[in-house]
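Read through the structure below, which is laid out as structure tokens, and then see the notes.
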Amino acid sequence: MMKNNDSLEFIKQELSMSKEDVIAYQSRLKYILDEEGKYDHARHEGEKIGIEKGIEQGIEQGIEQGIELGAEERTIEIIHTGIKNKVPFETLAILTGLSLEQIKKISKELEMNGER
């Protein structure tokens, strides 16, 4: 920022300028301000695009996670139903793609919750 003495000197110089110098100065100032405006606009547009892409990516990830969670919940439901209906653990492992150990763990959880 200009100090008072610098400001006064600048004003003094501006007052002593010829009409052509003033026009050239104003043209240069307008050019600088226009370029600054273009830069600000480009930055704003870049931020806007970045936000939009971030939102899209977040929605896609949310959908994927929801599908995965739904599939996991459905697998657990199948196992619960199979255990309650005395389906062998080996059969449940084959049907769900889970290991025998995972099936046994889920069975224990059912027992602990009194659901078996």
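Table for the structure above
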{"read-out": "Positions within segment 79-111 being of a type in the set (D, E, K, R) and touching a residue at least 24 places away in the same chain (Cβ under 8 Å), in sequence order", "value": "LYS84"}
{"read-out": "Some residue of segment 11-27 being loosely packed, with under 10 Cβ neighbours inside 10 Å, over 30 Å from LEU110 (Cα atoms) and either small (Gly, Ala, Ser) or in contact with a Phe, Trp or Tyr (Cβ under 6 Å, 6 or more places away or on another chain) (or both)", "value": "yes"}
{"read-out": "Any pair with Cβ under 8 angstrom, 6 or more apart, that starts in segment 16-32 at a residue that is free of Cβ contacts under 8 Å to residues at least 60 places away in the same chain and ends at one that is surrounded by fewer than 12 Cβ atoms within 10 Å (Cβ to Cβ)", "value": "VAL22/GLU14; TYR25/GLU14"}
{"read-out": "GLU20 vs. criteria modelled with pLDDT of 95 or more, on the phi < 0 side of the Ramachandran plot, in a helix (DSSP H, G or I) and not aliphatic (A, V, I, L, M)", "value": "no"}
{"read-out": "Test: residue in segment 66-75 that is touching a helix residue (DSSP H, G or I) at 6+ places or on another chain (Cβ under 9 Å), in a helix (DSSP H, G or I) and loosely packed, with under 14 Cβ neighbours inside 10 Å", "value": "no"}
{"read-out": "Residue within segment 40-57 that is within 30 Å of GLN102 (Cα to Cα), without any contact (Cβ under 8 Å) to a residue 24 or more places away in the chain and in a helix (DSSP H, G or I) present", "value": "no"}
{"read-out": "Segment 84-116, residues that are among the polar types (S, T, N, Q), loosely packed, with under 15 Cβ neighbours inside 10 Å and either in a loop (DSSP other than H, G, I, E, B) or under 37 Å from the mean Cα position of the chain (by Cα) (or both)", "value": "ASN85, SER99, ASN113"}
{"read-out": "Residue check for ILE79: among the hydrophobic types (A, V, I, L, M, F, W, C) and either under 30 Å from GLU111 (Cβ atoms) or in contact with a Cys (Cβ under 9 Å, 6 or more places away or on another chain) (or both)", "value": "yes"}
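The values are calculated or read from the model by the stated rules, or taken from the named source; none is laboratory data. Given the structure is predicted, the values throughout are model-derived calculations rather than measurements. Don't worry about glycine lacking a Cβ; one is built from the backbone with ideal geometry, like all the others, and counts go over all protein chains shown.
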